[in-house]
Amino acid sequence: MKIKVVFFFLIILLTATGCSGTTDQNQARERNLSKHADEIVIGVAWPFAEKNDGFKEGLELALEEINDSGVLGKKVRLIVEDDQSSVTTGLSIAQSFANNMDLSAVIGHRSSVVTVPASKVYESAGLLLVAPISTAPNLTGDDMSRVFRMIPSDVQIGNRMAEYAKLKNYKNMVIFYANDEYGRGLANSFEDYASANGIQIVDRISDYKDANDLKRLVDKWSLLNYDAIFLAESMPNGADMITQLRKVGMDVPIIGGDALDAVGLIDNSGQAADGIVVASIFNPNDSRKEVTDFIEKYRSKYGTEPSKWAAQAYDSLKLLAFSIDHAGTSLPADVALAIKQLESWSGVSGVRAFNSHGDPQEMPIVLKEVRNGKFEYLK
């Protein structure tokens, strides 16, 4: 029922703009942005109150640095909204951004479940969208000319983890996934690449009844000679799943996607998390100047270590400022073209170039392992 309601709401929003309405809105935005306003306005949508995790701080640091020198002789102003990780709230914010003719671009949202439908609203309104952390493959495509994701997609992350499984010589694996857009997409990608490389998927599940049912499953997998589990789950459910698996006697390695890359994995799972390997997109041990400078400035300003969320926020705003300056205008279509023409842009989360669909190319996917209650980066 929830999916139907959200879909109906999205149809109403898109119908409200319509084909001719879309053209009018694009033209109105271009006319307004061409009037040489004294500032560049960017919208930001994120679940700040519930799941900030350093994102706001990363934005603040980038904004401070950008406005020290300005962009095209102008200051950048952010309009910040909390989408509460809600599709309906996210779509409402998306429509308010779409109706604001002063906006050139939007940074957001955290969850692909929110970002994907909201991106349709932005595209129809002629706005450019930078998605800092959304990995759903269907976020980008031929019909989305102004949408850019800042990290590899579920397809790329699934492939990378399957490569790691092959390197570890795992032969028979189980996939446990969240039955949502993120979990299904990541599980599908991992299964396709693993199967193509000789790894047999002996079982694939998304739910179980209780501890007895889980114990029965683990016993069955043992009979099938499974030697690892791939977990396509988000936090905090991922930590709970790991804890439950260890409690019923499961002792094989667990590997997972980027959504498990969180301090809460260790805090909530305790010793059960030891040995788990997850994907990540920010390596604070990277010796590039962009990384060392960012970490030093972040520590100095906030007195703590930056998270991947802070790094992604920082990179997202920095990329927009760089591309607007490179394009010589804040018109969304011109800025989008400037981003696609970048041969190499070096951010704190890695060096990026973007293909015609708006996906980052050759951006490194970092692997981290939990050892003795801490994440350690794998070479």
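The values are calculated or read from the model by the stated rules, or taken from the named source; none is laboratory data. None of these values were measured; they are calculated from a predicted model. Don't worry about glycine lacking a Cβ; one is built from the backbone with ideal geometry, like all the others, and counts go over all protein chains shown.
Quick notes on this one:
- The set of residues in the stretch 144-174 that are surrounded by 24 or more Cβ atoms within 10 Å (Cβ to Cβ), of a type in the set (A, V, I, L, M) and farther than 19 Å from W221 by Cβ comprises V147, M150, I151, I157.
- Test: residue in the stretch 175-184 that is within 30 Å of Y377 (Cβ to Cβ), modelled with pLDDT of 95 or more, assigned to a strand (DSSP E or B) and hydrophobic (A, V, I, L, M, F, W, C): yes
- Of the numbered criteria (1) within 27 Å of G350 (Cβ to Cβ); (2) free of Cβ contacts under 8 Å to residues at least 40 places away in the same chain; (3) not aromatic (F, W, Y), the one L265 fails is (2).
- Residue list for the stretch 323-345, restricted to those being surrounded by 15 or more Cβ atoms within 10 Å (Cβ to Cβ) and either small (G, A, S) or not assigned by TED's automatic domain parsing to the domain that holds D38 (or both): S323, A327, S330, A333, A336, A338
Quick grid of which residues meet (1) within 18 Å of L59 (Cβ to Cβ); (2) surrounded by 24 or more Cβ atoms within 10 Å (Cβ to Cβ):
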| residue | (1), (2) |
| --- | --- |
| V80 | yes, no |
| G90 | yes, yes |
| A94 | no, yes |
| M101 | no, no |
| V113 | no, no |
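- Enumeration of residues in the stretch 115-143 that are more than 19 Å from Y182 (Cα to Cα), among the aliphatic types (A, V, I, L, M) and either over 14 Å from the mean Cα position of the chain (by Cα) or surrounded by fewer than 24 Cβ atoms within 10 Å (Cβ to Cβ) (or both): V121, A125, L127, L128
- Test: residue in the stretch 37-45 that is modelled with pLDDT under 85, in the same structural domain as K308 (by TED's automatic domain parsing) and more than 16 Å from F97 (Cβ to Cβ): yes
- F322, sole failed condition from (1) closer than 19 Å to V44 by Cβ; (2) in contact with an Asp or Glu (Cβ under 9 Å, 6 or more places away or on another chain): (2)
- The strands (runs of 3 or more DSSP E) found wholly in the stretch 196-271 and carrying at least 3 residues that are under 17 Å from V370 (Cβ atoms) occupy 228-232, 254-256.
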